[in-house]
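Read the structure below first, then the notes.
The values are calculated or read from the model by the stated rules, or taken from the named source; none is laboratory data. Please read these numbers as outputs of a predicted model, since none were measured by experiment. Glycine also receives a Cβ, built like all others from the backbone with ideal geometry; neighbour counts cover every protein chain displayed.
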């Protein structure tokens with residue numbers, strides 16, 4: 001009975017955690033819309049610089065235009081990168097023998113799985129963006 005209660009508790013906790021992660025992801029996506037980004041930046045500037053209503057409207061319009069432009073540029077860049085990857089892949093397949101292609105695909109899949117595992121684990125100690133935490137980085141004492 002105690003084991004059953006423990007299993008049920010673990011499943012419930014895991015479910016709650018998963019749902020919280022999904023909600024966080026969906027909120028992040030909404031916050032990244034050009035309108036939300038422009039609104040957030042404009043509000044911060046309005047508070048910091050004490051903008052009047054006219055200035056707020058102009059700053060918002062400028063930020064919105066900039067955010068939409070950036071979004072379009074990123075979309076074009078992603079398309080270009082996708083095209084480049086497909087081009088590389090087709091040229092590589094022309095070069096390799098069928099056996100080599102098979103081995104190449106296996107190695108690519110192994111590397112993809114390793115990368116996904118690293119992403120799940122997060123940065124290890126000494127491998128963050130902070131130079132102080134990297135080996136040989138930061139100030140010497």
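If you go through the range 41-56 one residue at a time, how many are assigned to a helix (DSSP H, G or I) and exposed (fewer than 13 other Cβ atoms within 10 Å of the Cβ)?
Summing the residues that are assigned to a helix (DSSP H, G or I) and exposed (fewer than 13 other Cβ atoms within 10 Å of the Cβ) in the range 41-56 gives 6.
Go through 127, 116, 100 for me and flag whichever is under 21 Å from the mean Cα position of the chain (by Cα) and modelled with pLDDT of 90 or more.
Being under 21 Å from the mean Cα position of the chain (by Cα) and modelled with pLDDT of 90 or more holds for just one of 127, 116, 100, which is 116.
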